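The values are calculated or read from the model by the stated rules, or taken from the named source; none is laboratory data. These numbers were taken from a predicted model, which means no experiment stands behind them. Counting neighbours? That spans all protein chains shown, and the Cβs are built from the backbone with ideal geometry, glycine included. Surface areas here come from the heavy atoms of the whole protein model, side chains and all, with no ligands, DNA or RNA. Shrake-Rupley method; radii C 1.70, N 1.55, O 1.52, S 1.80 Å.
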Amino acid sequence: RNRIQIINHATIQGCYPIHIAILGMSRRNSPIAAAEIVEFLLNCDPHLKFVKVNGFSLLDFACNLAYNDSNIEAGIQVAKVIYDAYPEAIEENNTASNIHRYHQQVQSFLNGE
């Protein structure tokens, strides 16, 4: 019960711990660990797949980050974990209309789903 309360507590900016895990991907020694953390958090509370920050779905939030060679594979894994939990998110307006802004490999992943 306490775990669910903690993971559903937003910062002043509206970010939940799942967003912080995604944002922290570029600062980790092992960026791929972010996918494991996101999966863990989604397993703790499946309703997290519906949280939004500034109107952006969790999938759009993850896909819209500035990826580089050191973290793109982790970014795709995070997007896959989120997509697997909530495939309908790919059809939401922000995700569909912002796809051109995403890293090319993220675009390829989403177009393949």
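Between 0 and 90 degrees, rounded to the nearest ten: what's the tilt of helix 33-44 against the longest Cα principal axis of the chain?
It is inclined by approximately 50 degrees.
Summing Lys, Arg as +1 and Asp, Glu as -1, what charge do residues with Cβ under 10 Å from the Cβ of Tyr86 carry, Tyr86 excluded?
Neighbourhood net charge equals -2.
Could you provide, to the nearest whole Å², the per residue accessible area of the chain with probe 1.4 Å?
Ligands and nucleic acids excluded, the result is 57 Å² per residue.
For Ile20 and Glu113, compute 0.36 nm times the residue count separating them, minus their Cα-Cα distance, and round to one decimal in nm.
30.9 nm is the gain from fully extending Ile20 to Glu113.
Per the helix-only calculation at 222 nm, which mean residue ellipticity applies to the chain, given -39500 (n - 2.57) for every DSSP H run of n ≥ 4 and division by its residues, nearest 500 deg cm²/dmol?
-14500 deg cm²/dmol
Report the FRET efficiency, 1/(1 + (r/R0)^6), for Asn98 and Asn29, where r is their Cβ-Cβ distance and R0 is 22 Å, rounded to 0.05.
Calculated transfer efficiency: 0.15.
How large, in percent, is the carbon and sulfur part of the accessible surface of the chain at a probe radius of 1.4 Å?
Reported share for carbon and sulfur atoms: 49 percent.
With +1 on each Lys and Arg Cβ and -1 on each Asp and Glu Cβ, how big is the dipole of segment 1-112 about its Cα centre, in debye rounded to the nearest 20?
Around 340 debye, computed over segment 1-112.
What is the chain's relative contact order, in percent, from Cα pairs under 8 angstrom and six or more apart in sequence?
24
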